[in-house]
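*Asks:* Before I ask anything, let me first share the structure, which is written out below as structure tokens.
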Amino acid sequence: MTQEIEIGRSKRGQRVYAFDDIAIVPSRRTRDPEDVSVGWSIDAYQFDIPFLAAPMDSVVSPQTAIMMGQLGGLGVLDLEGLWTRYEDPEPVLAEIRNLHPEHATARMQQLYSEPIKPELVTERLAEIRAAGVTVAGALSPQRTQELYETVVAAGVDLFVIRGTTVSAEHVSKNQEPLNLKKFIYELDVPVIVGGAATYTAALHLMRTGAAGVLVGFGGGAASTTRATLGIHAPMATAVADVAGARRDYLDESGGRYVHVIADGGVGKSGDIVKAIACGADAVMLGAALARATDAPGGGYHWGADAHHPKLPRGQRVHVGQVAPLEEVLYGPAPSADGVTNLIGALKRSMATTGYSDLKEFQRVDVVVAPYQSS
């Protein structure tokens with residue numbers, strides 16, 4: 001049952017939980033970590049690991065998208081980012097890395113005002129496809145109608161519509177909103193859409209025909225949405241609620257399974273483990289991969305909200321560099337802080353609690369045990 005707390009005489013609030021508020025409970029059985037499978041599939045696409053690299057310029061370039069694919073995951077390129085605005089974005093990336101914190105937001109707004117060039121969208125996606133890996137690109141809902149034909153013509157395998165929040169019922173007096181259900185029905189490729197953070201919002205997105213729903217709202221390392229807009233969705237409850245929508249939609253639709261992808265608040269291996277324990281099929285990683293020495297951010301991390309032209313809701317943050325991407329994913333880990341060997345940690349947790357694959361692990365017992373790291 002939902003627990004409500006009285007905030008005052010005229011307002012009650014639901015008690016919700018972040019990943020730091022919960023912990024996983026061992027069972028009577030254990031396994032060898034080498035016997036554990038962390039494979040994941042969506043539509044016709046199979047992956048060795050349940051990780052998507054977030055469509056953020058500090059995380060994914062065409063080259064790192066290729067690397068991510070070769071390492072068994074999926075790299076999602078931001079088709080509104082620097083790689084589709086500049087023929088050579090490397091000098092721009094270098095400038096962003098070296099900006100003084102006081103001037104970073106204003107200068108990034110200027111740099112990202114360069115128009116998106118459709119020919120660069122085609123060129124970048126073609127570069128990824130030529131490497132023989134699954135091709136995924138992301139657009140915001142605002143840009144989708146403008147650019148989706150270019151994206152599909154370039155041969156994208158998975159199409160991601162990603163925003164701070166994405167609704168199946170967007171209302172606007174100023175412009176024709178994107179009709180998600182009609183758009184997804186007419187598109188020839190699977191669509192992943194989000195973020196969503198509640199049961200109802202996710203259920204409506206599932207009814208549009210989306211293959212996957214991104215769960216999260218302003219919870220990433222580079223986000224200031226809670227401070228700016230006062231909106232926040234603790235991820236343990238959000239993932240569990242959306243997983244509940246997936247279960248009910250499975251019955252409602254007569255067996256159509258929509259994948260739940262945690263997007264935000266999964267910066268360390270323990271968060272990844274808890275996201276899947278709460279019902280996620282996969283996780284979308286930002287800061288966790290921005291720490292790789294071969295990530296384009298060079299130790300810095302930022303998202304699209306950090307350079308919004310009117311109301312920035314994020315910032316450039318320093319996350320440091322810990323290891324090459326392969327070691328971030330597969331180890332060996334040089335420290336015990338949960339930022340390298342993410343797959344090893346996931347396998348170890350599943351083995352310690354006796355589960356052999358991700359779908360089984362979604363049934364693991366959890367307890368409410370708030371934790372604050374020192």
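*Asks:* Anything in segment 328-374 that is of a type in the set (D, E) and over 23 Å from S41 (Cα atoms)? List them, or say none.
*Replies:* Residues satisfying the conditions are D337, D365.
*Asks:* Looking only at segment 194-236, how many residues end up being of a type in the set (S, T, N, Q) and outside any loop (DSSP other than H, G, I, E, B)?
*Replies:* Number of matching residues: 4.
*Asks:* For the structure I just gave you, tell me whether V283 is in contact (Cβ under 8 Å) with a residue 24 or more places away in the chain and crowded, with 24+ Cβ neighbours inside 10 Å.
*Replies:* Taking the combined requirement at face value, the residue satisfies it.
*Asks:* Residues of segment 105-128 being under 25 Å from T224 (Cα atoms) and either among the basic types (K, R) or surrounded by fewer than 14 Cβ atoms within 10 Å (Cβ to Cβ) (or both), which ones?
*Replies:* Passing the criteria: A106, R107, Q110, S113, E114.
*Asks:* Any chance you could count how many residues in segment 1-58 are surrounded by 12 or more Cβ atoms within 10 Å (Cβ to Cβ), at pLDDT 90 or above and among the small types (G, A, S)?
*Replies:* The qualifying residues number 8.
*Asks:* Next question. Please enumerate the residues belonging to segment 236-267 that are at pLDDT 95 or above and of a type in the set (A, V, I, L, M).
*Replies:* A236, A238, V239, A240, V242, A243, A245, L250, V258, V260, I261, A262
*Asks:* Inside segment 111-129, can you point out the residues that are among the acidic types (D, E), in a helix (DSSP H, G or I) and more than 23 Å from the chain's Cα centre (by Cα)?
*Replies:* Across segment 111-129, the qualifying residues are E119, E123.
*Asks:* For G220, are the conditions met, namely being more than 25 Å from V36 (Cα to Cα), at pLDDT below 95 and not hydrophobic (A, V, I, L, M, F, W, C)?
*Replies:* yes
*Asks:* How about segment 1-51: which of its residues are under 21 Å from the mean Cα position of the chain (by Cα), more than 22 Å from Y371 (Cα to Cα) and in a loop (DSSP other than H, G, I, E, B)?
*Replies:* Within segment 1-51, V38, G39, D43, A44, D48, I49, P50 qualify.
*Asks:* Can you tell me which condition D78 does not meet? The list is (1) acidic (D, E); (2) surrounded by fewer than 21 Cβ atoms within 10 Å (Cβ to Cβ); (3) closer than 21 Å to V260 by Cα, and all the others hold.
*Replies:* D78 satisfies all of (1) acidic (D, E); (2) surrounded by fewer than 21 Cβ atoms within 10 Å (Cβ to Cβ); (3) closer than 21 Å to V260 by Cα except (2).
*Asks:* What is the number of the single condition among (1) in contact with a Leu (Cβ under 9 Å, 6 or more places away or on another chain); (2) part of a helix (DSSP H, G or I); (3) free of Cβ contacts under 8 Å to residues at least 40 places away in the same chain that R247 does not meet?
*Replies:* Failed condition: (1).
*Asks:* What residue, of V239, V260, is touching a Cys at 6+ places or on another chain (Cβ under 7 Å) and either among the aliphatic types (A, V, I, L, M) or not in a loop (DSSP other than H, G, I, E, B) (or both)?
*Replies:* Answer to the check: V239.
*Asks:* A further question follows. Which of the residues that make up segment 95-108 are touching a residue at least 12 places away in the same chain (Cβ under 8 Å) and either closer than 26 Å to L71 by Cα or more than 23 Å from the chain's Cα centre (by Cα) (or both)?
*Replies:* E95, L99, P101, A104, R107
*Asks:* Return only the number of the condition from (1) within 15 Å of the chain's Cα centre (by Cα); (2) over 27 Å from G75 (Cβ atoms) that A282 does not satisfy.
*Replies:* The one condition A282 does not meet is (2).
*Asks:* Those residues that are farther than 15 Å from A275 by Cα and not β-branched (V, I, T), I need them from segment 228-245; list them, please.
*Replies:* Within segment 228-245, L229, G230, H232, A245 meet the criteria.
*Asks:* Do we have G132 as of a type outside the set (V, I, T), under 20 Å from D43 (Cα atoms) and either surrounded by fewer than 19 Cβ atoms within 10 Å (Cβ to Cβ) or modelled with pLDDT under 95 (or both) here?
*Replies:* yes
*Asks:* Still on this model: Against the condition more than 17 Å from the chain's Cα centre (by Cα), surrounded by fewer than 24 Cβ atoms within 10 Å (Cβ to Cβ), among the small types (G, A, S) and within 13 Å of T64 (Cβ to Cβ), how does G298 come out, does it pass?
*Replies:* Yes: the conditions hold for G298.
*Asks:* Does any residue of segment 134-146 turn out to be polar (S, T, N, Q), under 21 Å from L214 (Cβ atoms), part of a loop (DSSP other than H, G, I, E, B) and in contact with a strand residue (DSSP E or B) (Cβ under 6 Å, 6 or more places away or on another chain)?
*Replies:* Scanning segment 134-146, I find at least one residue that is polar (S, T, N, Q), under 21 Å from L214 (Cβ atoms), part of a loop (DSSP other than H, G, I, E, B) and in contact with a strand residue (DSSP E or B) (Cβ under 6 Å, 6 or more places away or on another chain), so the answer is yes.
*Asks:* Now for a separate question. Are any residues in segment 286-313 free of Cβ contacts under 8 Å to residues at least 60 places away in the same chain and under 24 Å from V239 (Cα atoms), and if so, which ones?
*Replies:* Listed by number, the list holds a single entry, A288.
*Asks:* Can you report the number of residues in segment 314-343 which are touching a residue at least 40 places away in the same chain (Cβ under 8 Å) and either among the small types (G, A, S) or under 29 Å from T105 (Cα atoms) (or both)?
*Replies:* 9
*Asks:* Tell me, yes or no, whether segment 268-281 has at least one residue that is at pLDDT below 95 and either touching a helix residue (DSSP H, G or I) at 6+ places or on another chain (Cβ under 6 Å) or not basic (K, R) (or both).
*Replies:* Within segment 268-281, none of the residues are at pLDDT below 95 and either touching a helix residue (DSSP H, G or I) at 6+ places or on another chain (Cβ under 6 Å) or not basic (K, R) (or both).
The values are calculated or read from the model by the stated rules, or taken from the named source; none is laboratory data. Source: prediction; values computed, not measured. Virtual Cβ from ideal backbone geometry, glycine too; neighbours counted across all protein chains shown.
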